[in-house]
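S.K.: Could you have a look at this structure, given as structure tokens, before my questions?
The values are calculated or read from the model by the stated rules, or taken from the named source; none is laboratory data. Just so it is clear, the structure is predicted and the values come from calculations on it, not from any experiment. Here Cβ is always computed from backbone atoms with ideal geometry, including for glycine, and neighbour counts include all displayed protein chains.
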Amino acid sequence: MRQRPAYTAFAAVYDRWCADVDPARWGRYNVALARRHGFSGGRVLDLGCGTGLSTRPWVGVGDAVLGVDRSPQMLRLARRSVGRRRGVRFLRADITAPGLLRGQTFALVQANFDVINCQTREHRLLRLFRNARRLLAPGGCFLFDVVTAHAYRRLLNGVSVFQRVPGGALVLEGRYREPPGLWQGTVTFLAAGRDGHYRAAEERHRQRHYSPSRLRALLRAAGFSRCHLYATLTFRSPGPGTERLTVVARA
Ligand SMILES: C[S@@+](CC[C@H](N)C(=O)[O-])C[C@H]1O[C@@H](n2cnc3c(N)ncnc32)[C@H](O)[C@@H]1O
């Protein structure tokens, strides 16, 4: 079976796949959290915007919204779903590239839903954090989420997930190795053909776990001095059973 890069074949069914995590609720939470940390309008940057699910909640909240992603397939869908609204733009780029969007500033920078964990090399994550720091206007905040070790161990390790999606089905399978804190998996899209046969397109996905202390150290190295951790979708501190953390960092 032909292997494709992450977020190519998956793009077409990504929004359906995400329906269970209720992106609209997650978006409202991110906006509320940003406001709690002083956001009151201005330009918003969505790093790893994908199909625009995480960009959409900021339309009309931020003065202008820019989504950046490296996957042309994800961006095509983002442009189709959100792109015609005023003040919204999308750009294809590597969010870890030094000099990304040089000269621009934003009141809020976010990286929502596994984008941080997708950076499997620590030096690349540090470059992403440095970009976020450099692109923040004075008083701005950087908001992102990460998967916890608990979730990788308990929910994403050796468990196959099957979901029917329009035009076929998706199968997600993966293993978490600790050390080195790496999750490797495949997403297989089974597309139903008219002849009754299924055609499989397989993508390899890799993620790295970053502990709260490692994140704090990398954020400090990137120039952030304050950092607040929440159990995602709550305003509470994370506990041992937390599956996802949301981090708000400020200079
Ligand atoms: C799980 S999706 C999240 C999409 C969106 N933020 C959301 O909440 O639905 C992760 C996205 O990050 C993008 N991504 C990961 N690493 C990237 C990088 N270094 N540069 C640009 N995009 C990246 C992928 O292409 C993918 O679209």
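S.K.: Examine the range 127-143 for a residue that is within 16 Å of the ligand (Cβ to nearest atom), small (Gly, Ala, Ser), surrounded by fewer than 14 Cβ atoms within 10 Å (Cβ to Cβ) and over 24 Å from Cys18 (Cα atoms), and state whether such a residue exists.
M.R.: The answer is no; no qualifying residue exists.
S.K.: Something else: Go through (1) in contact with a Ser or Thr (Cβ under 7 Å, 6 or more places away or on another chain); (2) among the hydrophobic types (A, V, I, L, M, F, W, C); (3) assigned to a loop (DSSP other than H, G, I, E, B) and name the single condition Val159 misses.
M.R.: With respect to (1) in contact with a Ser or Thr (Cβ under 7 Å, 6 or more places away or on another chain); (2) among the hydrophobic types (A, V, I, L, M, F, W, C); (3) assigned to a loop (DSSP other than H, G, I, E, B), Val159 is out only on (1).
S.K.: List, please: which pairs have Cβ atoms under 6 Å, are six or more places apart or on different chains, and start with a residue in the range 35-54 that is touching a residue at least 40 places away in the same chain (Cβ under 8 Å) and within 16 Å of the ligand (Cβ to nearest atom) and end with one that is assigned to a loop (DSSP other than H, G, I, E, B) and hydroxyl-bearing (Ser, Thr, Tyr)?
M.R.: Asp46/Ser54; Asp46/Thr55; Cys49/Thr55
S.K.: Answer yes if at least one residue in the range 148-170 is surrounded by 15 or more Cβ atoms within 10 Å (Cβ to Cβ), within 14 Å of the ligand (Cβ to nearest atom) and either without any contact (Cβ under 8 Å) to a residue 24 or more places away in the chain or within 15 Å of the chain's Cα centre (by Cα) (or both), and no otherwise.
M.R.: Scanning the range 148-170, I find no residue that is surrounded by 15 or more Cβ atoms within 10 Å (Cβ to Cβ), within 14 Å of the ligand (Cβ to nearest atom) and either without any contact (Cβ under 8 Å) to a residue 24 or more places away in the chain or within 15 Å of the chain's Cα centre (by Cα) (or both), so the answer is no.
S.K.: Please determine whether any residue of the range 67-78 is of a type in the set (S, T, N, Q), closer than 15 Å to Ala34 by Cα and in the same structural domain as Ala12 (by TED's automatic domain parsing). Walk me through it before giving the result.
M.R.: At the first step, the residues of the range 67-78 found to be of a type in the set (S, T, N, Q) are 71, 73.
So of that shortlist, the ones also closer than 15 Å to Ala34 by Cα come out as none.
No, the range 67-78 contains no residue that is of a type in the set (S, T, N, Q), closer than 15 Å to Ala34 by Cα and in the same structural domain as Ala12 (by TED's automatic domain parsing).
S.K.: Looking at the range 230-250, is at least one residue in the same structural domain as Ala12 (by TED's automatic domain parsing), surrounded by 17 or more Cβ atoms within 10 Å (Cβ to Cβ), in contact with a helix residue (DSSP H, G or I) (Cβ under 9 Å, 6 or more places away or on another chain) and assigned to a helix (DSSP H, G or I)?
M.R.: no
S.K.: Filter the range 48-67 down to residues that are surrounded by fewer than 24 Cβ atoms within 10 Å (Cβ to Cβ) and more than 20 Å from Ala19 (Cβ to Cβ) and give me whichever is nearest to the chain's Cα centre (by Cα).
M.R.: Leu66
S.K.: Here's a follow-up. Looking at the range 14-28, can you tell me whether even one residue there is of a type in the set (A, V, I, L, M) and touching a strand residue (DSSP E or B) at 6+ places or on another chain (Cβ under 6 Å)?
M.R.: Looking through the range 14-28, none of the residues is of a type in the set (A, V, I, L, M) and touching a strand residue (DSSP E or B) at 6+ places or on another chain (Cβ under 6 Å).
S.K.: With the requirement that a residue be in contact (Cβ under 8 Å) with a residue 24 or more places away in the chain and polar (S, T, N, Q), what does the range 204-251 give you?
M.R.: Gln207, Ser211, Ser225, Thr232, Thr242, Thr246
S.K.: Here is a list of conditions, (1) within 14 Å of the chain's Cα centre (by Cα); (2) of a type outside the set (S, T, N, Q); (3) assigned to a loop (DSSP other than H, G, I, E, B), and Leu45 meets all of them except one; can you say which number that is?
M.R.: Only one criterion is unmet by Leu45, namely (3).
S.K.: Looking at the range 86-107, can you tell me whether even one residue there is assigned to a helix (DSSP H, G or I) and more than 10 Å from the ligand (Cβ to nearest atom)?
M.R.: no
S.K.: Is it the case, given these coordinates, that Arg76 is among the charged types (D, E, K, R), modelled with pLDDT of 95 or more and under 16 Å from the mean Cα position of the chain (by Cα)? It would help to see each step written out before you state the result.
M.R.: Working: among the charged types (D, E, K, R): yes; modelled with pLDDT of 95 or more: yes; under 16 Å from the mean Cα position of the chain (by Cα): no.
For Arg76, the condition - among the charged types (D, E, K, R), modelled with pLDDT of 95 or more and under 16 Å from the mean Cα position of the chain (by Cα) - is not met.
S.K.: Could you tell me which numbered condition Leu182 fails, if it satisfies all but one of (1) surrounded by 18 or more Cβ atoms within 10 Å (Cβ to Cβ); (2) modelled with pLDDT of 95 or more?
M.R.: Checking Leu182 against (1) surrounded by 18 or more Cβ atoms within 10 Å (Cβ to Cβ); (2) modelled with pLDDT of 95 or more, the one that fails is (1).
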